[in-house]
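Asks: Would you mind keeping the following structure in view while I ask a few things?
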Amino acid sequence: MSNTSAHILVYPFPAPGHIIPLLDLTRLLLTRGLTVTVLVSPSHLALLQPLLSSHASVQPLVLSSAPEPNSSSAQLSLPAKIRATAALYDPILQWFRSHARPPVAIVSDFFLGWTHRLATDLGVPRVAFWPSGAFAASVYNSLWRDLPTIPRTTIRPTRIPWGAVFNSFTELERVYIDHVKKEMGHKKVWAVGPLLPPNDDPTGPANRGGSSAVPAHEVMTWLDGKRDESVVYVCFGSRVELTSEQTEALAAALERSEVNFIWCVQEHAAGRGGSIPEGFGKRVGERGFIVRGWAPQVAILSHRAVGVFVTHCGWNSVLEGVAAGVLLLTWPMGADQFIDANLLVDQLGLAVRACEGGVKNIPNLGELTRLLTESASGTRPERTRVKEMREAAWNAVKGGSSTRDLDELVEKLSELSKNI
Ligand SMILES: O=c1ccn([C@@H]2O[C@H](COP(=O)(O)OP(=O)(O)O[C@H]3O[C@H](CO)[C@@H](O)[C@H](O)[C@H]3O)[C@@H](O)[C@H]2O)c(=O)[nH]1
């Protein structure tokens, strides 16, 4: 480890949608000269490998708290998983206190609220990392503050940390980023996104967040044979499984619409999801490419042949779709996804509603079929707007607003080490 640069502890919440963007941020911090220890569970250590092999100033801190995949407790609810992480309070405290040059700050996922008390005990600031957007943060904050049952003394969530980093960019969420700053009462709010893998790393996009279930070159070769913007990419992130009824409706719409498509189907250990109808692959033939398991999403979205993305509006998918300039068809199912869809469809006009709601909602077959056909062939105004936003996104990370925010974040973190 370098002896001069500021040493930071980065602690992602152990789930793909949270680890992926925080590791992308870690890479940016490393390239700007910070020394970083990343806390990961044993099952996620492999995701750190690309950073470990390319940067000398990063170290893993492998601690197990969250249930490991395949263990009987792996099916814990999200709040239970969050609570389980707090078992690491003492191990981190001990690691910190025995370290010759301990971190000057903790950058931890917004789910890991307990790390605020840990940071206070250790006398270092905590920066909360938001893998979801500033609009979602504003909505959550106002719900929290205005719930009638919340005692008046309750501290507002966005007030707590010393600073906050968003995987977002000013041109996408300016009004909400400003709102969060106002709520926090200071300006240590940095929008550094979209956080993406480096595009000069050929293995990065293909294996980002997991090993691709299909050789990436096979998907790319299939895409090479398709017309520009003619392919619909369907993926609902790392957690969502469609029910049998939803799977059947989507399969029928893809079949009837006659569009080219890549459909990424997550098949989780719990096996509650629906499976693709028998004979479907044969009936759609060369038109369809099915990925059972982890797809190389960023590489797919970046291909010139992909023009449409049916998404559950997980925030990473939203930003990856915007950065690729593809037309987003929204199907939010839970968490912040309804808020994200509202921002995209109603406020920014970048996307079109496809369906909405969790397990009970099934899309209307006729409407979804029409929407798929029209989106893959027509020129909708949303497509133009999303392309404008793509320009804004790339400008932001190539010297614009996100680069400036990242520089300032690094500067503030570096100042902390000078004060020791
Ligand atoms: O086959 C796959 C599936 C997913 N991904 C990647 O995995 C990430 C998935 O993240 P996201 O699109 O945000 O979806 P979730 O995994 O559902 O993310 C959770 O975390 C997000 C960030 O807080 C929230 O916005 C979501 O609502 C929440 O479900 C993205 O980077 C995808 O590129 C792949 O590369 N291949």
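Asks: Have a look at G209, G185 and point out the one that is modelled with pLDDT under 95, within 15 Å of the ligand (Cβ to nearest atom) and on the phi > 0 side of the Ramachandran plot.
Replies: G209
Asks: I'd like to check something: does segment 323-332 contain any residue that is within 9 Å of the ligand (Cβ to nearest atom), closer than 27 Å to S138 by Cβ and either of a type in the set (F, W, Y) or in contact (Cβ under 8 Å) with a residue 12 or more places away in the chain (or both)?
Replies: Yes: one or more hits.
Asks: If the Cβ limit is 8 Å and pairs must be 6+ apart or interchain, which residue in segment 371-394 that is more than 9 Å from G325 (Cα to Cα) pairs with which residue that is of a type in the set (S, T, N, Q)?
Replies: Pairs found: L372/S257; T373/S257; A376/S230; A376/S257; A376/N260; S377/S230.
Asks: Only one of P148, P125 is out of contact with any helix residue (DSSP H, G or I) (no Cβ under 9 Å at 6 or more places or on another chain) and either in the same structural domain as G399 (by the TED database) or at pLDDT below 95 (or both); which?
Replies: P148
Asks: Looking for whichever is within 12 Å of the ligand (Cβ to nearest atom), farther than 28 Å from T221 by Cβ and among the aliphatic types (A, V, I, L, M) here; the options are L348, L343, L319. Which one fits? Give the steps one after another, and end with the answer.
Replies: On the way: L348 fails: within 12 Å of the ligand (Cβ to nearest atom); L319 fails: farther than 28 Å from T221 by Cβ.
Criteria check complete, one pass: L343.
Asks: Still on this structure, please answer the following. Out of P42, P131, P50, which single residue is closer than 16 Å to L22 by Cβ and surrounded by fewer than 19 Cβ atoms within 10 Å (Cβ to Cβ)?
Replies: Values: P42 fails: closer than 16 Å to L22 by Cβ; P131 fails: surrounded by fewer than 19 Cβ atoms within 10 Å (Cβ to Cβ).
After ruling out the rest, the residue left standing is P50.
Asks: Kindly indicate whether any position in segment 258-266 is away from the ligand (no atom under 11 Å from the Cβ), outside any helix (DSSP H, G or I) and more than 28 Å from N342 (Cα to Cα).
Replies: yes
Asks: Right, P363: of a type outside the set (S, T, Y), within 12 Å of the ligand (Cβ to nearest atom), farther than 19 Å from E229 by Cβ and not assigned by the TED database to the domain that holds P21 or not? If you could, list the steps in order and put the result at the bottom.
Replies: Values: of a type outside the set (S, T, Y): yes; within 12 Å of the ligand (Cβ to nearest atom): no; farther than 19 Å from E229 by Cβ: yes; not assigned by the TED database to the domain that holds P21: yes.
Answer is no for this residue.
Asks: Take segment 285-335 and flag every residue that is under 13 Å from the mean Cα position of the chain (by Cα), more than 23 Å from N260 (Cβ to Cβ) and at pLDDT 95 or above.
Replies: G314, W315, N316, L319
Asks: Is there a residue being surrounded by 19 or more Cβ atoms within 10 Å (Cβ to Cβ), under 21 Å from the mean Cα position of the chain (by Cα) and within 22 Å of A87 (Cα to Cα) anywhere in segment 22-30?
Replies: Yes: segment 22-30 contains one or more residues that are surrounded by 19 or more Cβ atoms within 10 Å (Cβ to Cβ), under 21 Å from the mean Cα position of the chain (by Cα) and within 22 Å of A87 (Cα to Cα).
Asks: Of everything in segment 97-151, what is aliphatic (A, V, I, L, M) and within 25 Å of L344 (Cβ to Cβ)? Give them in sequence order.
Replies: Those that are aliphatic (A, V, I, L, M) and within 25 Å of L344 (Cβ to Cβ): A128, A134, A136, A137, V139, L143.
Asks: So, one more: In this structure, is A354 away from the ligand (no atom under 13 Å from the Cβ) and either in the same structural domain as L30 (by the TED database) or under 30 Å from P103 (Cβ atoms) (or both)?
Replies: no
Asks: So which strands (runs of 3 or more DSSP E) stay within segment 277-393 end to end and still have 3 or more residues that are more than 24 Å from Y176 (Cα to Cα)?
Replies: The qualifying strands (runs of 3 or more DSSP E) are 288-292, 306-311.
Asks: What's the total number of residues in segment 98-128 that are away from the ligand (no atom under 15 Å from the Cβ), surrounded by 14 or more Cβ atoms within 10 Å (Cβ to Cβ) and not basic (K, R)? Write out each step before concluding.
Replies: Narrowing segment 98-128 to residues away from the ligand (no atom under 15 Å from the Cβ): 98-107, 114-127.
Next, only the ones that are surrounded by 14 or more Cβ atoms within 10 Å (Cβ to Cβ) stay: 102-107, 114-116, 118-119, 122, 124-127.
Filter once more, keeping what is not basic (K, R): 102-107, 114-116, 118-119, 122, 124-125, 127.
Result for segment 98-128: 15.
Asks: Enumerate the helices (runs of 4 or more DSSP H) found wholly within segment 32-117, keeping only those where 1 or more residues are touching a strand residue (DSSP E or B) at 6+ places or on another chain (Cβ under 6 Å) and at pLDDT 90 or above.
Replies: Values: elements: 45-54, 78-85, 89-98.
Because the criterion is at least 1 residues that are touching a strand residue (DSSP E or B) at 6+ places or on another chain (Cβ under 6 Å) and at pLDDT 90 or above, the helices (runs of 4 or more DSSP H) in segment 32-117 that meet it are 45-54.
Asks: Under the condition of being at pLDDT 95 or above and assigned to a helix (DSSP H, G or I), which residue from segment 221-248 is surrounded by the most Cβ atoms within 10 Å (Cβ to Cβ)?
Replies: Among those that are at pLDDT 95 or above and assigned to a helix (DSSP H, G or I), it is L223.
Asks: Restricting segment 362-420 to residues that are among the aliphatic types (A, V, I, L, M) and surrounded by fewer than 15 Cβ atoms within 10 Å (Cβ to Cβ), which is farthest from the chain's Cα centre (by Cα)?
Replies: Step one: list which residues in segment 362-420 are among the aliphatic types (A, V, I, L, M), which gives 362, 365, 368, 371-372, 376, 386, 389, 392-393, 396-397, 406, 409-410, 413, 416, 420.
Still in the running and surrounded by fewer than 15 Cβ atoms within 10 Å (Cβ to Cβ): 365, 420.
Details: L365: 29, I420: 34 Å.
Selected residue: I420.
The values are calculated or read from the model by the stated rules, or taken from the named source; none is laboratory data. Just so you know, these numbers come straight off a predicted model, no measurement behind them. Virtual Cβ from ideal backbone geometry, glycine too; neighbours counted across all protein chains shown.
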